[in-house]
Amino acid sequence: DAGVIQSPRHEVTEMGQEVTLRCKPISGHNSLFWYRQTMMRGLELLIYFNNNVPIDDSGMPEDRFSAKMPNASFSTLKIQPSEPRDSAVYFCASSLSGKENEQFFGPGTRLTVL
Amino acid sequence: LAKTTQPISMDSYEGQEVNITCSHNNIATNDYITWYQQFPSQGPRFIIQGYKTKVTNEVASLFIPADRKSSTLSLPRVSLSDTAVYYCLVAILEYGNKLVFGAGTILRVKS
């Protein structure tokens, strides 16, 4: 298995632009997580899906952030409009249902908003 | 109140045993305590999990006291390649058993 796949690996954009991050979980994993990592705030859970349904989105910062999981093999995290304070590394992780403590992380997307 | 508490950083030398403790006063009673390792420019990677007492695998040991208010990750005879950030992951009761990562401990192994 290729593991969790994220794209793009790096994204540089200007303030106000829309940004879409993509994730392909490990095949057979029914739980999917989006995290944001910064030096100041560490690793923060943004949203958690199970069987393509959002279960916990309490970590989504504000309405500018949205996430979708149209099917079991694909998820997106969108920021519109982006702001400089959104600059961070965004990780996607997946796990088997019932084993959410054992998550497999992708390589992350480093987002820079100028 | 902090959800979990870990030392910010630790230094060690090759060949030494390293113990990293995470304090978590209010965790779910039926969930595992899990530890992850993260290298620069990579996502965190699962190392070990336990529920109580002691668990050992090929990489590390995990010690959990009976009250489960803390856990200690033990790395035997570290090498330079163990230099990384180590996170505990627990389910926090007051947040509806939500899984929360600790702030992480930067381990620097020197030769």
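A few points about this structure:
- Per residue of peptide B:62-75, the mean number of Cβ atoms on other chains within 10 Å of the residue Cβ is 0.
- Straight-line cross-link partners of A:Lys99 among the lysines, defined as a Cα under 16 Å from its Cα and at least 8 positions apart when in the same chain: B:Lys98.
- For a paramagnetic label modelled on A:Ser27 (point 7 Å from Cα along Cα→Cβ), amide N atoms under 18 Å away belong, within the stretch A:61-99, to A:71-75, A:94-97.
- Here the stretch A:28-99 and the stretch B:1-40 have alpha carbon centers that stand 24 Å from each other.
- Springs between Cα atoms under 10 Å define the GNM used for chain B, and in it the highest mean-square fluctuation of B:Pro40, B:Pro65, B:Pro76 occurs at B:Pro40.
- Simple Cβ-charge dipole of chain B, Lys/Arg +1 and Asp/Glu -1, about Cα centre, in debye nearest 20: 140 debye
- Sequence of B:Asp67, A:Asp63 from largest to smallest accessible area, 1.4 Å probe: A:Asp63, B:Asp67
- Average beta carbon contacts from partner chains per residue of A:27-37, 10 Å cutoff: 1
- Chain pair A, B: total accessible area buried, heavy atoms, 1.4 Å probe, Å²: 1200 Å²
- Cut-off under 5 Å, modelled amide H: who pairs with A:Asp56 long-range: A:Tyr48
- Magnitude of the charge dipole, the protein assembly as shown, Cβ model with Lys/Arg +1 and Asp/Glu -1, debye to 20: 220 debye
- Per-residue HN-Hα couplings for the stretch A:30-46 [Karplus 6.51, -1.76, 1.60; θ = phi - 60°; Hz; x = Gly/Pro]: 9, 10, 9, 10, 10, 10, 10, 10, 9, 5, 6, 10, x, 9, 10, 6, 8
- Sites B:Lys52 and A:Glu14 - FRET efficiency at Förster radius 45 Å, r taken between beta-carbons, to 0.05: 0.30
- Shielding of B:95-103 by partner chains, average beta-carbon count, 10 Å: 4
The values are calculated or read from the model by the stated rules, or taken from the named source; none is laboratory data. What you see is a predicted model, and the numbers here were worked out from it, not measured in a lab. Don't worry about glycine lacking a Cβ; one is built from the backbone with ideal geometry, like all the others, and counts go over all protein chains shown. SASA here: full protein model, heavy atoms, side chains in, ligands and nucleic acids out. Shrake-Rupley method; radii C 1.70, N 1.55, O 1.52, S 1.80 Å.
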